[in-house]
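Worksheet: one structure, shown below.
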Amino acid sequence: FLFVPAVEVKIEVVIPEKERSKEEMSPNGKASPLIYKVNGTARHYHLEEHPIASNPYHNPKDVVEASVCHVKDLENGQMREVDLGCGKALLIKESGEFHAVGHKCPHYGAPLVKGVLSKGRVRCPWHGACFNIGTGDIEDFPGLDSLPRFQVKIEKEKVYIRASKQALQTQRRTKMMAKCISLSNYNLSSTNVLIIGAGAAGLVCAETLRQEGFSDRIVMCTMDRHLPYDRPKLSKSMDSHPEQIALRPKEFFCTYDIEVLTEMQVAAVDIKNKIAVFKDGFKMEYNKLLIATGNMPKALSCKGKEVENVFNIRTPEDANRVVKLATSKNVVIVGASFLGMEVAAYLAERAHSVSLVELEEVPFKKFFGERVGRAVMKMFESNRVKFYMQTEVSELREQEGKLKEVVLKSGKVLRADVCVVGVGAVPATGFLKQSGINIDSKGFIVVNKMMQTSIPGVFAAGDAVTFPLALRNNKKVNVPHWQMAHMHGRIAALNMLAHGMEISTVPYLWTAMFGKSIRYAGHGEGFDDVVIQGDLDELKFVAFYTK
């Protein structure tokens, strides 16, 4: 029995004033402007310059100090959530060194202490976002912000925390970004970077360009009426309003000079003259182009498809309208896709009845296999969702213009006040057919590991592309996951700036239904065996998809 005297641990929280590497600094200590060509003209871009303060805490009243633990309380590879009175930090010990960062994932607020620590990174337990423990920087997605980094200081075997209250309370840090310094050099119909599409891929591309010091004009355009928003919530949290699920507030785009043209559809791209032609006839010149248009939901081809109260969930307004119409009414969902199943789960408690029509014999069979699919189906059935499998819709019947019944090919007639269609999607690339950009037989844009298309200076990202997946021997795949769209956008931006960065991330998706979350890592297309560990009936299991 060895008595060890108590030793206090102190962590000092420092929010970095600068986010630039030594390579970006010139000998006089100022940012070296990097030259970037637009329309043949050299322009400069650099980060905003801020004097480096000797004291990182401008307001002493914003500082809190607290002791957290014995220096030997943590073994290498361990993490601990520590309370500083006005907020918490995540204390980490790896390779004999202490680190401290924000304790919540900035994406949805997951406790990172329940995540995985490996090789200098902590990975979120919910949706797989990954953060560098030394810098707090986000290195894998989803999410846009990094963690605040708290400097750990050990003196005489005591380690103390000194933290900014604001950093402890916000638990997030937006990386330093440049602003546009050359808007006056442009007319309205000319930009350096044009991004078609304002989803995760487009937004991350724009933010990464600014984070890397790019200070020329960036224009995003979208058919949507809203600024970029959290699209997965449309089927998981259907009554969310646009402002509640916005990825960034309006002020953010103004502050960092990221222009967003809403309700603007590109009709054609002239790659020879580097011009995007919009549906209303407006034309815009560009130097670099990112195509991140995502996909378009497939429509039903049956009789009566134009009837009122039949929806594809494409916008927040669609989702809100469905919830309103479905409350205490009869709902029919066509397609046991992720969207269809999530909508069924969300409406099960709100609607009078929920019926789900699917061509396969079990949901998710191609994706999760029959055994997992049946277990999920059983959970839905115990929550009053009725399945009509191995059949499809033959007719939508109306009364006074509004949906009344859904007729199945099996002959069954279902009462329906509202119908949601989730039978898959196709890439939104029709406008590129005459462009000369390489598109495969299914309509996907073909890109390399740097997200470059067959045309120099034209990049593509997100649900509309096929790209070489490293973990499947560079097989060209389409991975329409929210996390992957973020990474595509980042890789595209870095390669617009000639960084030569290749994509190597592992695909990751999640779905949430009736309080259960299914998380899926990898790309199991073409599996021939499923190895299950755990209890499938209790939905507490791990499934390995092998070939």
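Tabulated data
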quantity	calculated
Folded to 0 to 90 degrees: helix 338-347 orientation relative to the chain principal axis, Cα	90 degrees
Antiparallel bridge percentage (DSSP; both residues within the chain; nearest 5)	70 percent
Cα gyration tensor shape of segment 141-217, rounded if a/c is under 1.5, else prolate or oblate by comparing a/b with b/c	prolate
Alpha-carbon centroids, segment 469-515 and segment 307-329: separation in whole Å	31 Å
Most to least packed among 385-393, 93-101, 213-221 [average Cβ atoms within 10 Å]	213-221, 93-101, 385-393
Spherically averaged projected area in nm², based on the convex hull that wraps the Cα atoms of segment 279-423	11.4 nm²
Compactness relative to 2.2 N^0.38 Å, alpha carbon Rg of segment 481-531	1.53
In segment 143-248, GluC sites (Glu not before Pro) in a DSSP loop with at most 14 other beta-carbon atoms within 10 Å	Glu157
Computed lengthening from Glu308 to Asn473, 0.36 nm per intervening residue step minus Cα-Cα distance	54.7 nm
Cα-based Rg of the chain normalised by 2.2 N^0.38 Å, two decimals	1.06
Residue pairs, from the table Lys365/Lys442; Lys449/Lys476; Lys233/Lys386; Lys298/Lys442; Lys298/Lys365, whose Cα atoms sit over 18 Å apart	Lys365/Lys442; Lys233/Lys386; Lys298/Lys365
Spatial separation of Cα centroids for segment 381-420 and segment 97-159, in angstrom	48 Å
Helix 316-326 axis, angle to the chain major axis (alpha carbon atoms, nearest 10°)	50 degrees
Per residue accessible area of the chain, 1.4 Å probe, in Å²	48 Å²
Square roots of 5 times each gyration tensor eigenvalue, C-alpha, segment 388-547, largest first, Å	36, 26, 14
D_trans [Stokes-Einstein, Kirkwood Rh over alpha-carbon pairs] for segment 232-360, 37 °C, 0.692 mPa s, µm² s⁻¹	185 µm²/s
Angstrom value of the Kirkwood radius, inverse mean 1/r, which spans all Cα pairs in segment 152-277	17.2 Å
Förster-model FRET efficiency, 51 Å R0, Ser301 and Lys158, C-beta, rounded to 0.05	0.10
Simple label model, 7 Å out from Cα along Cβ direction - Leu261 to Gln434, nm	1.9 nm
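The values are calculated or read from the model by the stated rules, or taken from the named source; none is laboratory data. As the structure is a computational prediction, the values presented were derived from the model and not from experiment. Cβ coordinates were reconstructed from backbone atoms using ideal geometry, including for glycine residues, and neighbour counts include every protein chain displayed. Quick note on the areas: whole protein, heavy atoms, side chains included, nothing else; ligands and nucleic acids left out. Shrake-Rupley method; radii C 1.70, N 1.55, O 1.52, S 1.80 Å.
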